[in-house]
Every structure is written in structure tokens, then in C-alpha cells.
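Participant: Starting off with a structure, shown below.
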Protein chains: 2
Amino acid sequence: ATKWWIGGAAQTATHSVVFAQLIVNGKRYGVKNFVVPLRDPSTFELKPGIVIGDIGAKMGRHGTDNGWIQFTHVRIPRSYMLMKHTKVSRRGDVKEPPLQQLTYGALIQGRVAMVVDSGNVAKKALTIAIRYAGIRRQFGGKPGQPETKILDYVIHQHRLMPLLAQAYAMHFTGVEVTRIYEDLMSRMETLRPGDKDLDSVLDALKEVHGTSAGLKAFCTWNCLNTIDQCRQACGGHGYSAYTGLAATYSDFAVHCTWEGDNTILTLQAGRYLIGCYRDAKAGNKQAGGVAYLNDLPSLLAKRCSAKTPEDVSTLEVISDAFLLVSANVVKKAGEDFEEGIKKGLNQEDAYEECSQARLYAAKIHSFGYLYHRFKDGVARAPAELKPILSKLCQLYGLYNIAENSGAFLQYEFFNPRQVRFQEGGGGGAGP
Amino acid sequence: ATKWWIGGAAQTATHSVVFAQLIVNGKRYGVKNFVVPLRDPSTFELKPGIVIGDIGAKMGRHGTDNGWIQFTHVRIPRSYMLMKHTKVSRRGDVKEPPLQQLTYGALIQGRVAMVVDSGNVAKKALTIAIRYAGIRRQFGGKPGQPETKILDYVIHQHRLMPLLAQAYAMHFTGVEVTRIYEDLMSRMETLRPGDKDLDSVLDALKEVHGTSAGLKAFCTWNCLNTIDQCRQACGGHGYSAYTGLAATYSDFAVHCTWEGDNTILTLQAGRYLIGCYRDAKAGNKQAGGVAYLNDLPSLLAKRCSAKTPEDVSTLEVISDAFLLVSANVVKKAGEDFEEGIKKGLNQEDAYEECSQARLYAAKIHSFGYLYHRFKDGVARAPAELKPILSKLCQLYGLYNIAENSGAFLQYEFFNPRQVRFQEGGGGGAGP
């Protein structure tokens, strides 16, 4: 077998960390981590049994020499195994960690980091495009006056401002999931079977695992889209390399593929949501970001009673709308799954059949999660920032409702007149 | 002034065609075309008064040496003017063409070519991604069996098949607008003021001009999106340069910017549609692709009466849905515009205020236009191709309804139950 895409492997790396089966005295203990030297650190000659090549040209990240690696009977000392969780003694005794779930940490960390990255890279792209729009003038000036700044055109504001609001949503979400992740990991360091809070910690872990799958997917997609929208908003300068946006796109694009292809991760998030839905139906209380699945009947019956454009667009109304629509799409995915089971499909095939419903449930749930973390962030913000952040949070919410107005209308929380209020002078979703 | 982005100018071109004001004996005749030699064809030395530089690195199209050009008191002989339309005699007599509109032709040709290009490039990207999906296996095999082809996963079909249907829609639309364009141009070659069919030819020209603005924008956006979706659907291989999709994206991206930034073109198409709406309201019959604006009251009152999943998804029902929703969004844009006028805005400011509604009207109108050209193409297809093309056309229609379900629900042609029928096992729009 050949492992492809190893960053730094083609020419540079002297050592690698390899995920491989631990087998001791014929018994398999699963995938563990081992430090494997690749090259002599002084001569850079390959070690015995190791063959390496360069994988060649890529879309971006030209500064990283990604390579492929083959190992043939490569031997390393026992002490090169990374033994934080599982330990192997000199005599071959294997000591496994008290909780297997501990090892999920690394997986989640990558996703959390990508949520944070998505916010940061989106901010960078938006700074370039919005500053440019503030100095670039084109057409429309009154006679004798300079031409109009493109930022002053309604349509240019529609292109960039919702994306700015979205970048803030990703920022606040990144801060929050980092905090949740760090709290959880520090608690798990010392967690033992039999601890009083074991169940609640493992539930929290499950939630972070499921939620971060959806957030990784939708935040990296959001960011990639933001970069290209910003690039297009700079016109010809966006196509020139010197805005930096073309390279930002090429470098960032891989985020949608690595550490789990985004589409596959949405399915994983959708599977988690179906699990929560069924668990709630069985009478078990859901915590955190899926608490809306408790007491579904009363949530699903809610309707927006607002009668004016102002009332239909408050942060609270938008929050209710997200919860109701999230509950509906998760319920829909759960029902599709259960229908598959009733038809006699096994669990895997039933999940497979409701793939599109899983993706959609993950999408609305993730956007709702982003909205609520933004809203929480506004509540915690210094008083002088609250007014402007509230407006931006409202814009983010309304933008999402417009982009997904089908769901918001289909589940009838809003009626068509209320959606028209929210659109105001506009005419619905963007391009 | 410096003209930027001239293809081939930086090192290669010996001659250019320059758009410049024709001024004869102090009188301005507007922008005409002139052949201007740039370099000596044997030595490649720049001609007197000409300064040229390379514009530097770009996102793609690295094989084209785009440059910038400055002219300072450059002189050319009279015979270097391109005199197909406007003629200048040796004595300085200017003979203008019988119809100024003749010169729109070149503009429209560029747009028509980009609709055709969008179809072709999308087909190329889809061929790569779909063939790959047919041989790439991953996960999910039964014990002892090979893993599952990724094309056999429901979610992978959802990723690629609607885009395939869309490529066919662009193909049939490209064929049709090319035919319309060629017919129109050959008729216009001999058109003279006073000709009996003058009005109908100029109306047709106006329609092609307005419609092609929207089609250029939405087809190039569709294609750019298709390329990147195909790239992502190839996973790591999509990020490798060797799939060719990364370069296809970088090369194609400029289509969304050149010959009119897409967003600006959607506004132009929206302005045309508002004009048609108001013209129809004033009692004048609209032809061709905007004929749905005739007899609005009866169209707007239509509701889908289908009661089964099959009946709600026929090509005819989808066609009715597009016409009704197009009429509604164009009417909305027209009303927003008229409201601006009533508030006392001048025409330009009133158009500016309803920009987002114009964009949205252009979007739905363009997608409806694509759908109907696809449907026409199916009707003309050989009998053995009709069954499969009908299905693909239906998929294209339903995909569009799902992607824009907000509009289709808001204007109440379908009710929520009918939209759920159309979604079938799925759960609404894609990612």
C-alpha cells in the first residue's frame, strides 16, 4: 500500500508519525501512532525499507512538498510508539486507556481549528474586497462629481455585507467551540470509568463530535465561497494575482476535502442528529445544541405572530425560526430513516437511503448553531459594540432565512407575507 | 489613460483593434474601431508613441501575455479604420449606418459564445468527475465483495446528476441562442429604416440583448460552480493538478468578470425585464421569451392542482411553475421600480433602489429560459433519445425548484405538500 499526500514527505521531512495497527503477540489493539524516521537527518538519505516520491503539481499550497510513502518491513524501537493513551511495556504488556473515546480528541481538534480558520480567512478576504470597494469608483457620479464608490451601490452591499456577517458568525462560533473543546479535553484527561459525571462528559463529547463534523463542512464551504465572492467583487483586479484572492482560494480549497470530505462529514453530522432525534423520542433529554429536540410537539406547533417588518426580524424571532425549522428537518431525516427500517432495510442501507435528508438536516442545524453562537456573542459583547453587532447578527439570520427560504416557508413558521417583510426592498435570495 | 488586460499585448501582438472616439472636423461620432499597429512585425520594436507593459501574474490563463497599453499622439492612416458600419471618405465625409443598433451585434456575439462555452466546459468537467465516480470504489462493500463505487452512493448522484442535467440545459440553450443570433444578424445586414418588419426585428434584437445578458451571467456562474463541484467530487485527486479541474477553474473564472461583470449584467437583464413588464402593462404585446408577461392576471392566478408525486413533476407542470414564478418576480421588480418613481426618485435612482429585485428577477427568468430551451430540445430530439432526455429535463426543472423553493412556495403555485412530493426521498436543496 502507498500513502499519498503526506505533507513535507517528498523532500524535507526526516521523521513521520504513522497511524498503524498495534499487534503484540499476535493480538490486534487497533490503530495507534508511531514515530518513524524517514531520512538520515544529516545526509537526507532514505532509511532502509522506505520509498518516497513527490505527488506532483497541485491546485495550491505549492510551498509544501506533498509526497507518497511506501514502507517495506521497516523496524522501529518500541520507544518510538506514542504512548499517551495506550502503553506497551518492555515485556510486551499492553495497557489500554480507561476510555477509548479519549482518542477522539485529535479528530475534533482538527475540525475546531478549521472552524476558526474559516472565520479568519474569510475576514482576510473580506477586508481586501471591502476596502477596495471603499476606494474604487465606477460610473454613476452626478455631472462634475467623482464617480460613485462601488461600496455605495446597493447590489455591492448585497454581495459583501451578508458574507461579513457570516464571518462574524464563524468567528464567535470558533471562539465558542474552542472553549468547549478545551474544557472537554482537560476534563477527559482525568476521567475514569465510574466517575459521577462520566455520562454527561461522554454525551458532551458525542455532541462536539457530531456538531463539529457539520461545522467543519459548512464553515469551510462558507469560507471558500466567501473568498471567490470577494475575488469576483474586485472585478479584473480579483483575477490578477496581486489581490491575493486567487491564491487564497487555491490554498484554502483543500479544507473542503481533507480531514473528511465535507459531504461525507455532513452525512456523519446528519447521522448524529437522527440519533438524537430518536433518543429524544425515546424519552431521553438532549442537552446543548440539540436541546430543541426535547418537547418537539410544542416547538413544531409554534407560528410567528409578528405583524410588522420590525417584529418579524428580531433576534428572538429569528432564533425561534431556526429552532423550529431545524427540528422539522431533523425530524424529517429521522422519519425517512425509520421508514427505511420499516421497509426491512438494515441500518446502513436505511442511512444510505436518507442521505440527502441527512445532509439537509446537518445544513440547517449547522447554520442555526452558527446563528445562536453569534447571538450569544452579541449578548456577551461590551455595551458600545452591542448595537452594531446586533444589526450584523440580524443580517446574518435574515440572510440565512432568505438563502433557505424554502425550508422556512415549507414548515410554515413564517407565512409568505412575513418573508416579504424580511426581504424589505429586496427580492429574495442572492445569486 | 492606460488600457489594462489586453490579451497578447505584453510581448506578442503586432496589431491591435482599438475602440476610440471618431472625431472628424471637430464633430464626435461616438466610439468606432481602428486597427492600430503596435510593433514592427520583423523586429518587434514598439511603434512611436506606444508604451506597453506586462500586467503580471494572474489567476489562470498563464499562456496569454496580457498587457497594458498607452498611446501618445499615435497616428494611423484613415484606411485603418474598420468601416463596415460607419464610413469616412478621403475628403472627410462621414456616412453613418442606417441603424445604430447594428453595432450591438458584436456585444451579443460574445455573450452567446459564453453560453455555448459554459455548456462545453461543464460537460468536460462532468465527464471527468462522473467517469472517476464510475471506477473509484470506497467503503461499504459487503464482506468479501469489492468496495462500493462512489457513483452508486445516493449522495454522490445528488452531487453530480443535477449538474449534468444543467449542462444539457446550457447545451440546448447555447444551440438555440446561436441560431437566434445568426438569424437576427443575417436579417440585420440588409435591414433599412422603413422596412415593414423593422419593429419586430428591433424588438427581437432588444430581447436577445436583454436575455443574453442574464444568460451570460447565470451560465458562466453555473459552469464555474460545476467545475468546482466536480473537483470536490474527485476528493484528493481533484486537488491534485492532474485531474485538470483546478486549472479548468482558474482559466474559466474570468468568464464571470469579462465582457461585463456578471452581477452588473444581471442588473441589465433585470432592467430589460422591468421594461417589458411596464410595456405589457401599457397594453403592448410581448414576444418570445417574455410572452408570459402578456395577460398577467390569469397567469398569476394559476395554481398547481396535481395530487400525486408523478403529476406534480411533469414537464408541463414544471413549465407552468416557471412561468408563474418568473411573472411574479418580474412584477415584483417592476412594482419596486414604480414605487421608487412614485416616491420622486429619478429613473436611475429608482433602478438603483430595486437592484436586488432586478437581480432576482433576472435569475428566475434566466433559469426558466434555460428550462424551456431544454424542453424544446427534448421535443425535437430523435425518438430513441426522448425518454432519457425527458428524465434529465425533469431533473433539471425539479433541481431548480428545490434550489429556489422559497420563490416557488412564496408565490403559492405549489403548496408545501406538493414540494415535498417533488423532493421525494430527499430533504430539499443541496449544499
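Participant: Considering each residue of segment B:413-431, count those that are modelled with pLDDT of 80 or more and at the interface with chain A (Cβ under 7 Å from one of its Cβ atoms), and give that number.
Facilitator: Matching residues across segment B:413-431 total 2.
Participant: Another question, if that's okay. State which residue is nearest to the chain's Cα centre (by Cα) when the search covers only segment B:200-240 and only residues that are of a type in the set (Val, Ile, Thr), more than 13 Å from every other protein chain (Cβ to nearest Cβ) and crowded, with 22+ Cβ neighbours inside 10 Å.
Facilitator: Residue satisfying both the conditions and the ranking: B:211.
Participant: Same structure, new question: Considering segment B:369-412 alone, what residues qualify as being away from chain A (no Cβ under 12 Å), in contact with a helix residue (DSSP H, G or I) (Cβ under 9 Å, 6 or more places away or on another chain) and β-branched (Val, Ile, Thr)?
Facilitator: Matches in segment B:369-412: B:378 only.
Participant: Being within 30 Å of residue A:371 (Cβ to Cβ), within 14 Å of chain B (Cβ to nearest Cβ) and of a type outside the set (Phe, Trp, Tyr) narrows it down to one residue among A:136, A:159; which is it?
Facilitator: After applying the criteria, what remains is A:159.
Participant: Can residue B:293 be described as among the aliphatic types (A, V, I, L, M) and more than 14 Å from chain A (Cβ to nearest Cβ)?
Facilitator: Here the answer is yes, as residue B:293 does meet what is asked.
Every residue, every condition in (1) among the charged types (D, E, K, R); (2) in the same structural domain as residue A:396 (by TED's automatic domain parsing); (3) more than 22 Å from residue B:354 (Cβ to Cβ); (4) in contact with a strand residue (DSSP E or B) (Cβ under 8 Å, 6 or more places away or on another chain), yes or no:
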residue: A:89; (1), (2), (3), (4): no, no, yes, yes
residue: A:109; (1), (2), (3), (4): no, no, yes, no
residue: A:113; (1), (2), (3), (4): no, no, yes, no
residue: A:119; (1), (2), (3), (4): no, no, yes, no
residue: A:126; (1), (2), (3), (4): no, no, yes, no
residue: A:138; (1), (2), (3), (4): no, no, no, no
residue: A:142; (1), (2), (3), (4): yes, no, no, no
residue: A:149; (1), (2), (3), (4): yes, no, no, yes
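Participant: So which of A:272, A:249, A:242 ends up being touching an Asp or Glu at 6+ places or on another chain (Cβ under 7 Å), assigned to a helix (DSSP H, G or I) and not assigned by TED's automatic domain parsing to the domain that holds residue A:333?
Facilitator: A:249
Participant: Just to be sure I understand, how many residues within segment B:271-315 are under 27 Å from the mean Cα position of the chain (by Cα), of a type in the set (Ser, Thr, Tyr) and over 20 Å from residue B:357 (Cα atoms)?
Facilitator: 2
Participant: Check segment A:327-346 and report whether any residue there is under 25 Å from the mean Cα position of the chain (by Cα) and either of a type in the set (Ser, Thr, Tyr) or more than 24 Å from residue B:420 (Cα to Cα) (or both).
Facilitator: No, there is no match, as no residue in segment A:327-346 is under 25 Å from the mean Cα position of the chain (by Cα) and either of a type in the set (Ser, Thr, Tyr) or more than 24 Å from residue B:420 (Cα to Cα) (or both).
Participant: Within segment B:342-376, how many residues are in contact with a Gly (Cβ under 7 Å, 6 or more places away or on another chain) and under 25 Å from residue B:172 (Cα atoms)?
Facilitator: 8
Residue-by-condition table, conditions (1) assigned by TED's automatic domain parsing to the domain that holds residue B:390; (2) within 26 Å of residue B:393 (Cβ to Cβ):
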| residue | (1), (2) |
| --- | --- |
| B:280 | yes, no |
| B:292 | no, yes |
| B:306 | yes, yes |
| B:319 | yes, yes |
| B:325 | yes, yes |
| B:336 | yes, no |
| B:347 | yes, no |
| B:351 | yes, no |
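Participant: So, of the residues in segment A:99-123 that are surrounded by fewer than 16 Cβ atoms within 10 Å (Cβ to Cβ) and touching a Gly at 6+ places or on another chain (Cβ under 9 Å), which turns out to be farthest from residue A:162 (Cα to Cα)?
Facilitator: A:100
Participant: So how many residues does segment B:62-103 have that are farther than 30 Å from residue B:11 by Cβ and acidic (Asp, Glu)?
Facilitator: So the count comes out to 2.
Participant: Within the set of pairs 6+ apart or on separate chains, which have a first residue in segment B:31-57 that is free of Cβ contacts under 8 Å to residues at least 24 places away in the same chain, a second that is in a strand (DSSP E or B) and loosely packed, with under 12 Cβ neighbours inside 10 Å, and C-beta atoms under 7 Å apart?
Facilitator: Qualifying pairs under 7 Å: B:31/B:19; B:31/B:21.
Participant: Here's something else I'd like to know. Kindly establish whether residue A:335 is modelled with pLDDT of 95 or more, surrounded by fewer than 23 Cβ atoms within 10 Å (Cβ to Cβ), more than 24 Å from residue A:215 (Cβ to Cβ) and within 14 Å of chain B (Cβ to nearest Cβ).
Facilitator: Considered against the rule, which asks whether it is modelled with pLDDT of 95 or more, surrounded by fewer than 23 Cβ atoms within 10 Å (Cβ to Cβ), more than 24 Å from residue A:215 (Cβ to Cβ) and within 14 Å of chain B (Cβ to nearest Cβ), residue A:335 comes out as yes.
Participant: Check whether at least one residue in segment A:47-59 is of a type in the set (Val, Ile, Thr), assigned to a loop (DSSP other than H, G, I, E, B), crowded, with 17+ Cβ neighbours inside 10 Å and modelled with pLDDT of 95 or more, and report yes or no.
Facilitator: Yes, the conditions are met somewhere in segment A:47-59.
Participant: Give segment A:60-96 a look and list any residue that's closer than 23 Å to residue B:234 by Cα and in a loop (DSSP other than H, G, I, E, B), or say none.
Facilitator: Result: A:60, A:61, A:62, A:63, A:64, A:65, A:66.
Participant: Another question, if that's okay. Anything in segment A:338-365 that is touching a residue at least 40 places away in the same chain (Cβ under 8 Å) and more than 11 Å from chain B (Cβ to nearest Cβ)? List them, or say none.
Facilitator: A:338, A:365 - these are the residues of segment A:338-365 that are touching a residue at least 40 places away in the same chain (Cβ under 8 Å) and more than 11 Å from chain B (Cβ to nearest Cβ).
Participant: Can you tell me which of A:199, A:152 is farther than 22 Å from residue A:237 by Cα and not hydrophobic (A, V, I, L, M, F, W, C)?
Facilitator: Result: A:199 is the single residue among A:199, A:152 that is farther than 22 Å from residue A:237 by Cα and not hydrophobic (A, V, I, L, M, F, W, C).
Participant: Let me ask something additional. When only residues in segment A:10-46 that are β-branched (Val, Ile, Thr) and more than 27 Å from the chain's Cα centre (by Cα) count, which is surrounded by the most Cβ atoms within 10 Å (Cβ to Cβ)?
Facilitator: So, considering only residues that are β-branched (Val, Ile, Thr) and more than 27 Å from the chain's Cα centre (by Cα), the one surrounded by the most Cβ atoms within 10 Å (Cβ to Cβ) is A:36.
Participant: A follow-up question, please. Would you mind stating whether residue A:390 is in the same structural domain as residue A:329 (by TED's automatic domain parsing), surrounded by 24 or more Cβ atoms within 10 Å (Cβ to Cβ) and at pLDDT 95 or above?
Facilitator: No; evaluated as a whole, the condition is false for this residue.
Participant: OK, next. Let me confirm something: among A:221, A:258, which residue is assigned to a loop (DSSP other than H, G, I, E, B) and closer than 27 Å to residue B:60 by Cβ?
Facilitator: Within the list A:221, A:258, the selection yields A:258.
Participant: Turning to a different aspect of this structure: With respect to residue A:7, determine if the residue is over 30 Å from residue A:100 (Cα atoms) and surrounded by 11 or more Cβ atoms within 10 Å (Cβ to Cβ).
Facilitator: When the stated conditions are applied, residue A:7 does not pass them.
The values are calculated or read from the model by the stated rules, or taken from the named source; none is laboratory data. Keep in mind it's a predicted model, so treat the numbers as computed, not measured. Glycine also receives a Cβ, built like all others from the backbone with ideal geometry; neighbour counts cover every protein chain displayed.
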